[in-house]
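For reference, the structure is listed below as structure tokens.
The values are calculated or read from the model by the stated rules, or taken from the named source; none is laboratory data. On a predicted model such as this, the values are computed, not experimentally measured, just so you know. Cβ: placed from backbone, ideal geometry, glycine included. Neighbour counts: every protein chain shown.
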Amino acid sequence: MNRSAKLPFREVALRITGISTPVFGVSWNPPESSRTIVRRLVTFLEDRRALYADLHSEYGPWVEQSVLEMRIELTNTLKSSPDDEELTGTLRAMRAACRKFLDQMGPPHSRNRMFYPPEAMMWHALGELRGVFGFHLARLCAAFGIDVETELARIFPIPDEEQQGSPGTAHSPRSPRHGVT
């Protein structure tokens, strides 16, 4: 970050939308460029069936290709992102999840694939990828005020009131979770 570049106070003041207590906190409006970058990424990911479609209907080579494309898109998004650790850290974590998925799957004739059923390997690795993406996308969408299609929102963490199993909310319209029926 360039130390000589300073954000004028008026611009900072315009971004602040509230102050909370008792612990202390400041709410602010993120710069439009970051919001636009996140919205563009979310729009791209909304069309990635690998993130939300039923596991039993996924075809391994297509899932792997989709994860490769997600990794490329995340790298390109990082290249155009401002120097904001919250944003870039989240993008890097999602990109690392893509790499881990691809490492777990390995080449089509790798040693791992000879010992385990390919579908079981893919379902396990894909479930882990969806968990990482769900957590980080939910944070990004909340921080930048981005609306998300319901299919993609299925991978978001369950709100606390649903986890506690209150009557009628244990299985929300987002169910089945992660494509498992």
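Here are a few things to note about the model shown:
- Residues located in the range 106-161, provided they are among the charged types (D, E, K, R), at pLDDT 90 or above and either closer than 16 Å to residue 55 by Cα or surrounded by 13 or more Cβ atoms within 10 Å (Cβ to Cβ) (or both): 128, 130, 139, 149, 151, 154
- Of the residues making up the range 96-113, none is closer than 18 Å to residue 151 by Cβ and under 17 Å from the mean Cα position of the chain (by Cα).
- Count of the range 64-73 residues which are more than 16 Å from the chain's Cα centre (by Cα) and either touching a residue at least 40 places away in the same chain (Cβ under 8 Å) or closer than 17 Å to residue 46 by Cβ (or both): 1
- Residues considered: 68, 55. Of these, the only one that is closer than 16 Å to residue 122 by Cα, surrounded by 12 or more Cβ atoms within 10 Å (Cβ to Cβ), among the aliphatic types (A, V, I, L, M) and in contact with a His (Cβ under 8 Å, 6 or more places away or on another chain) is 55.
- Pairs, first closer than 10 Å to residue 136 by Cβ in the range 88-110, second assigned to a loop (DSSP other than H, G, I, E, B) and modelled with pLDDT under 95, C-beta under 8 Å, six or more apart: 91/81
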